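Report on the structure given below.
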C-alpha cells in the first residue's frame, strides 16, 4: 500500500504511540497539518512556538514519553531556539518536526528560509534534514531512538515539496530495534573514611527510584543531590542530607567540601555546583557514573568514570564499612546549619508560603517553577516526590513555568499541577493562558509577587551597592482582571492569613486558579556562595572555613 509522504509522517508518529503533537501552523508545514486534520491525531495549538517546546519538555519529563513539536520554517523555528536550549541542558526527550522551504529555494535567501542546522547545531543532540521523501520513516524512527537514548532534543527539517501529497511511498515502518547495552565489569574499592554520593538530574531519566533506596540501604553511605536531582529519589530516606550549590543547604556545601570520596551519579558538575573549580573538594577522589560522555570532565576533571546505565551500577554490591565518625561530623553540621528565617504573621514570607503548600499537599502535587528567587524558595522549602519537580535548572529560562505545567497536565491528566512563579517570569509566557482556556487545562498558579526582578535585585544589593538598575517592574498588569478576562479564578493577597484560608479550600479542587501574593520585597535567598571561593564559603551564614585546618581528618 502506498501513502503520501505527509501521511507517512503522521502514521510513523502514531506507530510510536504518540498521543499529542504540540505546535503552531505555517505555510511550510500545511501539507502535514492537512494530514493531521484527516487523521484525528490530537494536536495542541500553542500561542508561541517557544511554548510548544516547553510544553513538550514538561510532558516528557513528567512521563516516560517523548514530546513531539511541529513548527513552520524561518521565524517559526527560530522561536523554538530558547526552548531547544532549555531541553538540551536538562536532557528532555523531544522530537521537533520543522518545516523548510522547497528544495530548489534553499540557500537563496527565499521567504522564511533559514539555515536551521547551523542555527541550532550546538543545542540539539541530532539534526536531520530530509533530502529524499523515501527517508521519512527511517529518519523519524531513528530520531525517536536517539532522543530516548541521548535524552535531548532531536530536529528533523522537512522541505515543503517533499511532504507534498503527490509523493507516494510504501508503508514499511523500518523501525530500528534497540540494541542491548554492554554491561562493563568494574569494582569500587573503599579505602576512604568520608564518602558521599552525589545525585544529579540524570537519575530521573533511567530507573525506578526504589533502586537507589536499596543501594543506599546496602552501602549505608549518605547522599546529597544537585538542584536538578531534586525529585529523583525518596526525600524521606534517612541517608538524604539535602542539596548543594550556589543557594544549596549550608551543611551540604560543607559536607562535600570535607568529604574524601565522592560518587557522582548522573550529574555534569556544572559551575553552580562547584563554584571555583580549583577549590572544589580538595580532599576527595571522584568517581563519575553517567551514560553520556559529554557530562564527564565537563568542569571538573575526573580520571575514574564509567559510561554505563545507572541501573547496572545501582545493582552492584558494595562492601559495608563503618563511617561512625563521619556521621558524627555530619550530625554536627546538620545541627549547626539549621534553616533559619523569622516567621512573620503579617507580611507574606515566601518561605512560609512554600512550607504551608507542602504541609497541605503532602508532596503529592507536581510542581513546576519559573526561574528566579521563587524557584530557589520552592527548592529549599518543598520536599519533592519522584519526578514531581519540573524546572529549568541548566539554562535558567524565564517563562518556562506555565507552558511546562501545561505539558505536565497533558501527561498526568488526573494529577494536580502547581506552578510557582514570579511576576517577571510569568509575563514572558502568559499568552499561553489562551491555550489553557481552549483545552480546559486546570492548574493552580501561585505568583510570589515582589514587584521586582528578585534575583537581579538581590545581586545588585550584594555586588552593586543597591543600585537597582532596571530591576523593578513599574507597569505590572492587574492580574485579577487579566485572569478574569479568560474566565479563570483569580485572587490577590497582602496578608498571609488570608492566603492560608483560601489555599486550604482550593488546593485539590479541579479548577484553574491564579493566586497573586504580594511578598516582602526585602526577602532574599540565602545562603549564597561567594564567587570564586570554595564550597564552604558563603554569605550570611557562619562559615567554618577558618577552622578547616583544626579538623583532624585522620580521626574523621
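For segment 123-144, does any single residue satisfy the condition of being surrounded by fewer than 18 Cβ atoms within 10 Å (Cβ to Cβ), out of contact with any helix residue (DSSP H, G or I) (no Cβ under 6 Å at 6 or more places or on another chain), at pLDDT 90 or above and part of a loop (DSSP other than H, G, I, E, B)? Looking through segment 123-144, none of the residues is surrounded by fewer than 18 Cβ atoms within 10 Å (Cβ to Cβ), out of contact with any helix residue (DSSP H, G or I) (no Cβ under 6 Å at 6 or more places or on another chain), at pLDDT 90 or above and part of a loop (DSSP other than H, G, I, E, B). Scanning segment 500-511 for residues that are in contact (Cβ under 8 Å) with a residue 12 or more places away in the chain, in a loop (DSSP other than H, G, I, E, B) and under 24 Å from residue 351 (Cα atoms) yields a total of 2.
Regarding residue 292, is this residue surrounded by fewer than 19 Cβ atoms within 10 Å (Cβ to Cβ) and within 28 Å of residue 371 (Cα to Cα)? Yes. All of (1) on the phi < 0 side of the Ramachandran plot; (2) in contact with a helix residue (DSSP H, G or I) (Cβ under 8 Å, 6 or more places away or on another chain) hold for residue 217 with one exception: (2). Exactly one residue out of 51, 85 is outside the structural domain of residue 232 (by TED's automatic domain parsing) and crowded, with 24+ Cβ neighbours inside 10 Å, and it is 51. From the list 54, 43, the lone residue that is outside any strand (DSSP E or B), in contact (Cβ under 8 Å) with a residue 24 or more places away in the chain and either touching a helix residue (DSSP H, G or I) at 6+ places or on another chain (Cβ under 9 Å) or on the phi > 0 side of the Ramachandran plot (or both) is 54. Among the residues of segment 147-161, the one identified as outside any strand (DSSP E or B), in contact with a strand residue (DSSP E or B) (Cβ under 9 Å, 6 or more places away or on another chain) and farther than 19 Å from residue 58 by Cα is 160.
Among the residues of segment 524-534, is any assigned to a strand (DSSP E or B), within 27 Å of the chain's Cα centre (by Cα) and more than 24 Å from residue 366 (Cα to Cα)? Yes: segment 524-534 contains one or more residues that are assigned to a strand (DSSP E or B), within 27 Å of the chain's Cα centre (by Cα) and more than 24 Å from residue 366 (Cα to Cα). Residue 38 versus (1) at pLDDT 90 or above; (2) over 16 Å from residue 94 (Cα atoms); (3) not in a loop (DSSP other than H, G, I, E, B): which is the lone unmet condition? Among (1) at pLDDT 90 or above; (2) over 16 Å from residue 94 (Cα atoms); (3) not in a loop (DSSP other than H, G, I, E, B), the lone unmet condition for residue 38 is (1). Here residue 156 qualifies as closer than 30 Å to residue 110 by Cα, modelled with pLDDT of 85 or more and outside the structural domain of residue 382 (by TED's automatic domain parsing). Would you check if there is a residue in segment 20-30 being buried (at least 24 other Cβ atoms within 10 Å of the Cβ) and either part of a helix (DSSP H, G or I) or without any contact (Cβ under 8 Å) to a residue 40 or more places away in the chain (or both)? Yes, the conditions are met somewhere in segment 20-30.
Okay, residues lined up against (1) at pLDDT 90 or above; (2) in contact with a helix residue (DSSP H, G or I) (Cβ under 8 Å, 6 or more places away or on another chain); (3) under 18 Å from residue 312 (Cβ atoms):
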position	(1), (2), (3)
194	yes, yes, no
205	no, no, yes
226	yes, yes, no
244	yes, yes, no
272	no, no, no
281	no, yes, no
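The criterion of at least 1 residues that are within 23 Å of the chain's Cα centre (by Cα) is met by the following helices (runs of 4 or more DSSP H) wholly inside segment 382-499: 401-411, 423-426, 433-439, 454-463.
The values are calculated or read from the model by the stated rules, or taken from the named source; none is laboratory data. Fair warning: this is a prediction, and the values are worked out from it, not measured in the lab. Note: ideal-geometry Cβ built from the backbone for every residue, glycine included; neighbour counts use all protein chains shown.
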